[in-house]
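Engineer: Let me give you the structure first, and then I'll get to my questions.
The values are calculated or read from the model by the stated rules, or taken from the named source; none is laboratory data. All of these numbers come straight from a predicted model, not from anything done at the bench. Please note: Cβ atoms are built from the backbone with ideal geometry, for glycine as well, and neighbour counts cover all protein chains shown.
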Amino acid sequence: MYYGWKIVATTFVTNFITMGFIFYSYGVFFKALAADIGGSRLGISFGLTIMNIAAAIVAPFLGHALDRRSIRNIMCCGAVLMATGFFLASRMNTLWQYYILLGSFLGLGAVMMGGLAGSTLLANWFFRRRGTALGISTMAISLSGMVMAPVATQLIAANGWRYTFVIYGCVVLGLATPLVWLVIINRPEDIGLSPDGAEHVPLTDRADVPEPMVPLAPGDQIIGLPAHLEWSALGTLRDTDFWSITITIALNFCATGAILVHIIPHATDLGFSASKAAFVLSTMTGLGVAGKFLYGWLTDRIDTRYALWIAIGLQVAGTALLIVVRTYPALLVSGAIFGLGMGGIVPIQASLIAEVYGRRSFGRVMGLMGPCMLPIQAAGIPFAGYIFDQKESYTSAFLTFVALYLVAACALLLLHRSRRPLEASPTHTS
């Protein structure tokens with residue numbers, strides 16, 4: 001078996017932990033934390049904004065390091081930080097202590113161990129099957145939501161939120177850290193292999209080819225920059241395609257993140273029990289699992305922009321239904337439609353970056369997107385909390401998110417180089 005699939009399996013686990021233990025558990029901890037350490041829904045929501053700010057600040061430096069340093073060491077360091085953050089969180093008594101932990105140990109640990117590192121690894125290890133590999137790996141993100149919402153609900157009910165944080169820390173330290181240390185390798189070339197396990201490195205991913213203008217096979221297009229050409233930070237920031245992808249993804253993350261965090265409070269506000277509310281989130285993320293595999297498969301076969309438009313359209317439909325439904329079966333249907341669209345965003349983002357900028361600049365470009373997306377991405381969760389505090393309803397927030405999805409679909413029209421031939425590539429160098 002090609003060693004790259006072991007990399008996929010490991011990033012599957014790290015994606016599950018980093019997203020499931022923080023983001024998808026957040027809505028479950030929401031009311032318990034508000035009751036014990038104080039704060040309105042806006043106040044508790046602001047914690048994730050602080051974590052996003054910390055992640056965005058470190059992302060450009062982390063992306064640069066992931067392209068040049070040991071990814072294994074970076075991910076292990078992140079795992080230790082994250083575990084320490086959970087242990088400390090079990091002892092906190094005030095809201096400001098929670099903010100500090102989210103902005104330091106938990107936030108930095110998650111970004112070092114999670115999606116940015118995993119996506120960089122898979123961009124290194126796969127070429128022809130990159131979309132499929134990313135789809136399988138990021139299935140864990142949605143699967144963690146499907147699993148961790150009801151699991152966290154039961155753990156908190158049985159043991160309280162403090163002991164639940166201790167359990168989380170033990171899992172990170174005892175499972176994720178040794179797994180990363182034993183499996184992760186930066187690139188296939190480091191152990192004498194080639195991307196996808198092919199006999200020869202694809203021409204676009206070989207550093208020894210001076211003029212890689214020959215197609216991979218009859219009828220193939222060469223996608224992205226050749227490996228020996230890299231995008232500088234300044235060249236990336238001047239590129240209109242960078243801003244097209246950044247705005248599109250940021251608007252999606254802004255709306256999607258807020259809906260996922262507030263869906264459990266929204267469902268309980270409609271009169272459904274905590275367990276039923278958690279199952280709505282599980283339905284969303286369960287369909288997200290299927291969506292990630294579907295969109296990963298699609299991006300290996302069709303223009304990635306079309307796949308993203310399909311995903312956005314489903315999110316618009318699901319969010320619009322959330323505004324009007326009041327029965328539990330209808331709430332589940334709206335969640336399922338939303339989840340099927342939501343599942344495509346993360347693997348499509350990584351596929352777009354790899355296609356447009358190449359694997360040797362992947363970490364740097366994706367890292368630069370962090371702070372650029374932050375002003376938009378971070379606003380969604382506290383905005384929804386603020387709207388609820390003012391109107392005791394999420395309706396206005398959900399309507400705003402529908403509008404943001406439509407703007408995101410329009411921003412994608414500015415992208416010109418998805419699956420472009422190499423001859424059209426610019427020659428920015430670092």
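Engineer: Let me confirm something: among 58, 13, which residue is surrounded by fewer than 20 Cβ atoms within 10 Å (Cβ to Cβ), more than 19 Å from residue 362 (Cβ to Cβ) and among the β-branched types (Val, Ile, Thr)? Show your work before the answer.
Structural biologist: Numbers: 58 fails: more than 19 Å from residue 362 (Cβ to Cβ).
When all the criteria are applied, what remains is 13.
Engineer: Among the candidates 350, 354, 320, single out the residue that is small (Gly, Ala, Ser) and surrounded by fewer than 24 Cβ atoms within 10 Å (Cβ to Cβ).
Structural biologist: Working: 350 fails: surrounded by fewer than 24 Cβ atoms within 10 Å (Cβ to Cβ); 354 fails: surrounded by fewer than 24 Cβ atoms within 10 Å (Cβ to Cβ).
Unique residue meeting the criteria: 320.
Engineer: Name every residue in segment 271-295 that is in a helix (DSSP H, G or I) and among the polar types (S, T, N, Q), in order of residue number. Even if it seems obvious, please write down each step before you answer.
Structural biologist: Of all residues in segment 271-295, those in a helix (DSSP H, G or I) come to 274-295.
Scanning segment 271-295 gives 275, 282, 283, 285.
Engineer: Then there's this: Residues being closer than 22 Å to residue 171 by Cβ and either among the aliphatic types (A, V, I, L, M) or surrounded by fewer than 22 Cβ atoms within 10 Å (Cβ to Cβ) (or both): count how many of those fall in segment 119-152.
Structural biologist: Total meeting the criteria: 13.
Engineer: Return only the number of the condition from (1) modelled with pLDDT under 90; (2) part of a helix (DSSP H, G or I) that residue 127 does not satisfy.
Structural biologist: (2)
Engineer: Can you tell me which residue within segment 29-63, out of those that are polar (S, T, N, Q) and part of a helix (DSSP H, G or I), is farthest from residue 277 (Cα to Cα)?
Structural biologist: Applying the first criterion (polar (S, T, N, Q)) to segment 29-63 yields 40, 45, 49, 52.
Adding the requirement that they be part of a helix (DSSP H, G or I) leaves 45, 49, 52.
On the way: 45: 18, 49: 23, 52: 25 Å.
Filtering first and then ranking leaves 52.
Engineer: From 185, 136, which residue is of a type outside the set (D, E, K, R), in a loop (DSSP other than H, G, I, E, B) and either more than 18 Å from residue 22 (Cα to Cα) or touching a helix residue (DSSP H, G or I) at 6+ places or on another chain (Cβ under 6 Å) (or both)? Steps first, please.
Structural biologist: Working: 136 fails: in a loop (DSSP other than H, G, I, E, B).
From the options 185, 136, the qualifying one is 185.
Engineer: Can you name the residue in segment 291-319 that is of a type in the set (Gly, Ala, Ser) and in contact (Cβ under 8 Å) with a residue 60 or more places away in the chain and is also nearest to residue 249 (Cα to Cα) among such residues? Steps first, answer last, please.
Structural biologist: In the first step, residues of segment 291-319 are kept if they are of a type in the set (Gly, Ala, Ser); the result is 291, 296, 307, 311, 313, 317-318.
Narrowing the set further to residues that are in contact (Cβ under 8 Å) with a residue 60 or more places away in the chain leaves 291, 296, 313.
Values: 291: 16, 296: 16, 313: 14 Å.
Within segment 291-319, the match that is nearest to residue 249 (Cα to Cα) is 313.
Engineer: Going through 359, 419 one at a time, which residue ends up being among the basic types (Lys, Arg), at pLDDT below 85 and on the phi > 0 side of the Ramachandran plot?
Structural biologist: 419
Engineer: For segment 68-117, what are the residues that are in a helix (DSSP H, G or I), small (Gly, Ala, Ser) and touching a Phe, Trp or Tyr at 6+ places or on another chain (Cβ under 6 Å)?
Structural biologist: As a first pass, look at segment 68-117 and keep what is in a helix (DSSP H, G or I): 68, 71-89, 95-103, 105-113, 115-117.
Filter once more, so that each one left must be small (Gly, Ala, Ser): 78-79, 83, 85, 89, 103, 107, 109-110, 115, 117.
The answer is 85, 89.
Engineer: Has segment 249-270 got at least one residue that is within 23 Å of residue 339 (Cβ to Cβ), at pLDDT 90 or above and not in a helix (DSSP H, G or I)?
Structural biologist: Within segment 249-270, one or more residues are within 23 Å of residue 339 (Cβ to Cβ), at pLDDT 90 or above and not in a helix (DSSP H, G or I).
Engineer: Can you find a residue that is crowded, with 19+ Cβ neighbours inside 10 Å, in contact with a Gly (Cβ under 9 Å, 6 or more places away or on another chain) and among the hydroxyl-bearing types (Ser, Thr, Tyr) anywhere in segment 29-45?
Structural biologist: Yes, because at least one residue in segment 29-45 is crowded, with 19+ Cβ neighbours inside 10 Å, in contact with a Gly (Cβ under 9 Å, 6 or more places away or on another chain) and among the hydroxyl-bearing types (Ser, Thr, Tyr).
Engineer: Scanning segment 1-50 for residues that are over 23 Å from the mean Cα position of the chain (by Cα) and at pLDDT 85 or above, which turns out farthest from residue 194 (Cα to Cα)?
Structural biologist: Of everything passing the filter in segment 1-50, 1 is farthest from residue 194 (Cα to Cα).
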